[in-house]
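This report concerns only the one structure given below.
The values are calculated or read from the model by the stated rules, or taken from the named source; none is laboratory data. Quick caveat: nothing in here was measured; it's all calculated off a predicted structure. Methodologically, a virtual Cβ is constructed for each residue, glycine included, from the backbone with ideal geometry; neighbour enumeration extends over all protein chains shown. Each accessible area value is taken on the protein alone, full model and side chains, heavy atoms only, with ligands, DNA and RNA left out. Shrake-Rupley method; radii C 1.70, N 1.55, O 1.52, S 1.80 Å.
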Amino acid sequence: MNGAVLIVTLLILMLLQHELLKHFGMRGLKYTRHFARKTAFEGEETELVEIIRNDRPIFIPWLRAESRISPHLRFGKQENLSVSGERFHRSIFTLRPYQQITRRHIVRLMHRGAYDAGNVALTIGDIAGLGGGGLQLYTPAEILVYPRLLADRDLPLPVSRLQGDLIVRRHMVTDPFLVNGIRPYQRGDQQRDIHWPATARMGNLQVKTHDYTADTKLLVIINAQMSEKQWGDLMDYEQDVIENAISIAATLCLKVLQGGVAAGFAANMPLGKENESTTLLPPERHATRDEELLSAFARLEIKRTRNFLSFLEDLSFLRGTDILLLSAYTSEGMEEKLQQLRMLGNTVTLHLLGKGAGK
C-alpha cells in the first residue's frame, strides 16, 4: 500500500512540475548568443558564446537551444553539444533556480560569407523527458567572414607584376600640392619649392618636401560568367573558380592600398542574397578602405545579375584607371569593350581564370 501511495505521489509531483514548467518555465529565462569576433578571415577560428540565465525559483531539468547553422561554420566536438548533419546546432542545459551558464563553442570558419546564427528555438522539459513549453527568439549573432588572402607566391604572374608596377609608379611622381615638411636646399631643387618664410627664419635656403601623388588607382573587375552565354547558377566546381578570383581580388586590393594606391572593386554579382544589382566600389584610399572592401568581398553572392558586356558598358565613365579583369573566358565582344576602356585613358590587364588561364 505504501508503495502504491509513493508511486501516486510521484506521479502527482511530476504532473505538477510538468504544468509548472509549461506555464511558467519560459517566463524567467534569458538567453543570448554571439560570436566572439564580428569579422574574421576564412580558415580562422572563433567562439560562439551562449549565455542563459534562470531568474525564477524553478528547477529546469533540461532546456534545449536549437538553431539552424550553415555547414560552413564547423563546430568542434564538445560536451552538451550536438551538430546534426553540420546544419542543426543543439545545446542542452540543466538550470538550478537563479543560475546562469555561459558556454563557449569553438567554430572554424570554412568559407567566406555573411552568417547569422541568431534564430533560436528554446524547449524546456521535465524529469520524465516530456516537453514543457517552448518559444522562438532572435538574438544578434552575426559574423562576416572575409575571403582567404593569398601569399605573393600564389598570385598569378600578371597580377603580381601589376601590383609591383602600381606601387612603383605611385612612388615615382610627387604631388606639388602635398607638402609634408621642409629641408635644406640641395643642388637640383626647383626654385618654386623654396620655402621663403623658413629660409628667413633659418638663415639659409630651405625647400618644401612633397608627398607622393595619389592619382594611381586600381579597379579589379570579376566576371561571374563562365562563358559568354552562361546565365543560370554555377556548378560547385565553377563557383570554386570565382571564389579563387575573389581571393585574388581581395589580396591585390589590400596590397596596393598598403602601397599607397587607391583601390576599388566591381562585379556583375550582387552584395547579399536579397540584392539583384551589380557591385561597384570605385577606387578610393582612406583609413577604413580595407574594411569596406573586405566587407564587400565577404557579402558577395556568386550569381550573375547582368550580362558582362552590358556591365562593361556601365564602366565607360572610368578615366586614368588601372583595370584588372578576372574572367574565365574572353571573346571578340569582350576585347572590343576592353579596347574602348583603353581608348578612354585606362590601362587594362586581362587575367584568365581556371582552364582559360592556359589559353
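Among the numbered conditions (1) more than 17 Å from LEU280 (Cβ to Cβ); (2) buried (at least 19 other Cβ atoms within 10 Å of the Cβ); (3) β-branched (Val, Ile, Thr), the only one that THR321 does not meet is (1). With the condition kept exactly as written, say whether any residue in segment 149-159 is part of a loop (DSSP other than H, G, I, E, B), modelled with pLDDT of 90 or more and in contact with a Lys or Arg (Cβ under 7 Å, 6 or more places away or on another chain). Scanning segment 149-159, I find no residue that is part of a loop (DSSP other than H, G, I, E, B), modelled with pLDDT of 90 or more and in contact with a Lys or Arg (Cβ under 7 Å, 6 or more places away or on another chain), so the answer is no. Selection over segment 318-339 of residues that are of a type in the set (Gly, Ala, Ser) and within 27 Å of the chain's Cα centre (by Cα) gives a count of 2. Take the residues of segment 31-59 that are in contact with a strand residue (DSSP E or B) (Cβ under 7 Å, 6 or more places away or on another chain) and modelled with pLDDT under 90: which is surrounded by the most Cβ atoms within 10 Å (Cβ to Cβ)? Selected residue: ASN54.
Is it true that ARG342 is over 23 Å from the mean Cα position of the chain (by Cα), assigned to a helix (DSSP H, G or I), of a type in the set (D, E, K, R) and surrounded by fewer than 17 Cβ atoms within 10 Å (Cβ to Cβ)?
Working: over 23 Å from the mean Cα position of the chain (by Cα): yes; assigned to a helix (DSSP H, G or I): yes; of a type in the set (D, E, K, R): yes; surrounded by fewer than 17 Cβ atoms within 10 Å (Cβ to Cβ): yes.
Taking the combined requirement at face value, the residue satisfies it.
Pairing each residue of segment 254-267 that is without any contact (Cβ under 8 Å) to a residue 60 or more places away in the chain with any residue that is part of a helix (DSSP H, G or I) and of a type in the set (Asp, Glu), provided the two are 6+ apart or on different chains, yields C-beta distances under 9 Å for LEU257/ASP290; GLN258/ASP290; ALA263/ASP290.
Across segment 4-30, the qualifying residues are those that are touching a strand residue (DSSP E or B) at 6+ places or on another chain (Cβ under 7 Å) and hydrophobic (A, V, I, L, M, F, W, C), and the one among them that is modelled with the lowest pLDDT is LEU21. Hey, can you tell me all the residues within segment 102-114 that are at pLDDT below 95 and open to solvent by less than 30 Å² (accessible area, probe 1.4 Å)? Result: HIS105, VAL107. Between GLY320, GLY354, the distinction of being closer than 30 Å to GLN258 by Cβ, in contact with a Gly (Cβ under 9 Å, 6 or more places away or on another chain) and at pLDDT below 90 belongs to GLY320 only.
Considering only segment 281-302, I want to know if a residue exists there that is out of contact with any Lys or Arg (no Cβ under 9 Å at 6 or more places or on another chain), open to solvent by 30 Å² or more (accessible area, probe 1.4 Å) and within 23 Å of GLU228 (Cα to Cα). Checked segment 281-302: no residue is out of contact with any Lys or Arg (no Cβ under 9 Å at 6 or more places or on another chain), open to solvent by 30 Å² or more (accessible area, probe 1.4 Å) and within 23 Å of GLU228 (Cα to Cα). Among the residues of segment 324-339, write down those that are open to solvent by 10 Å² or more (accessible area, probe 1.4 Å) and within 17 Å of GLN225 (Cα to Cα). Result: ALA328, TYR329, THR330, SER331, GLU332, GLY333, GLU335, LYS337.
Which strands (runs of 3 or more DSSP E) does segment 214-332 wholly contain that include 1 or more residues that are out of contact with any Asp or Glu (no Cβ under 6 Å at 6 or more places or on another chain), within 19 Å of ARG342 (Cα to Cα) and of a type in the set (Val, Ile, Thr)?
Working: elements: 217-222, 262-267, 279-284, 322-327.
By residue number, 217-222, 322-327.
Please work out which residue is least open to solvent (accessible area, probe 1.4 Å), limiting yourself to segment 217-272 and to residues that are out of contact with any Leu (no Cβ under 6 Å at 6 or more places or on another chain) and hydroxyl-bearing (Ser, Thr, Tyr). Checked segment 217-272; the qualifying residue least open to solvent (accessible area, probe 1.4 Å) is SER227.
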